[in-house]
Amino acid sequence: RLLTTTGSRQKDSILFESQLKKGILLAVQNQTIPSKEAYLQAAAAHLRSGSLSDSLLFRLFVYVGSSYYTLNNFDSANHYLIKAEALGRKFPGVTEKERLFNNLGALHFANGNYYLSKNYFEKALDLVKSTKPFDAAFARGLQSNIASANYKAGKYPEALTIYREIV
């Protein structure tokens, strides 16, 4: 029996969402490699479909980039996070940009680019501050990241000011 175009699109969407959610569940269980593989399967399902919106790839690229970061594969992490950043500009309504910016900040921090790291952490903090309900714990973590980037960049007074603000 042949599937209709609508049926095929629905099947593609279900496969994509299933692999994405599988990846999220595996990530929560700290199973990074299987999680990354599930994310890549979701990306393959999206590519095969040809009918799903590219906006769906934003979260997927953030998550797979984070997986690669956790696995210390910084080139692949950068590849996916930069692709997610481009999609975030193309689709301004996507959610979890603060996660993207935090991941990019962490990636640049690990690579020793503390100025760029600080810029991304600040972008994430600006988004968190504008979100309702306000996530104070996430905001404090981002402030700590900014302070650490300042410290590593030799901006000790700025780092100390932020640390005092957190306390």
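The values are calculated or read from the model by the stated rules, or taken from the named source; none is laboratory data. Being a predicted model, the structure only gives us computed values, none of them experimental. Here Cβ is always computed from backbone atoms with ideal geometry, including for glycine, and neighbour counts include all displayed protein chains. Remember, those area values only see protein heavy atoms, side chains included, never the ligands or the DNA or RNA. Shrake-Rupley method; radii C 1.70, N 1.55, O 1.52, S 1.80 Å.
In table form, for the structure just shown:
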| read-out | value |
| --- | --- |
| Protein accessible area in the chain, 1.4 Å probe - carbon and sulfur % | 54 |
| Loop-resident sites, segment 131-167, for chymotrypsin sites (Phe, Trp or Tyr not before Pro), counting at most 11 other Cβ within 10 Å (DSSP) | 134 |
| Angle in degrees between helix 97-110 and the longest Cα principal axis of the chain, rounded to the nearest 10 | 60 |
| Accessible surface of residue 126 - all protein chains present, 1.4 Å probe, nearest 10 Å² | 100 |
| Accessible area per residue in Å² at 1.4 Å probe, computed on the chain | 59 |
| Evaluated at q = 0.09, 0.14, 0.19 Å⁻¹: base-10 log I(q)/I(0), Debye formula over Cα of the chain | -0.36, -0.77, -1.20 |
| Sparsely packed GluC sites (Glu not before Pro) within segment 90-129, loop by DSSP, other Cβ within 10 Å at most 16 | 96 |
| Inter-site label distance for residue 137 and residue 151 at 7 Å from Cα along Cβ, in nm | 2.2 |
| Number of Lys pairs (Cα under 23 Å; 8 or more positions apart or on different chains) in the chain | 26 |
| Efficiency of FRET from Cβ geometry, residue 111 and residue 55, R₀ 22 Å, rounded to 0.05 | 0.20 |
| Calculated FRET value between residue 166 and residue 47, using beta carbons and R₀ = 41 Å, to 0.05 | 0.45 |
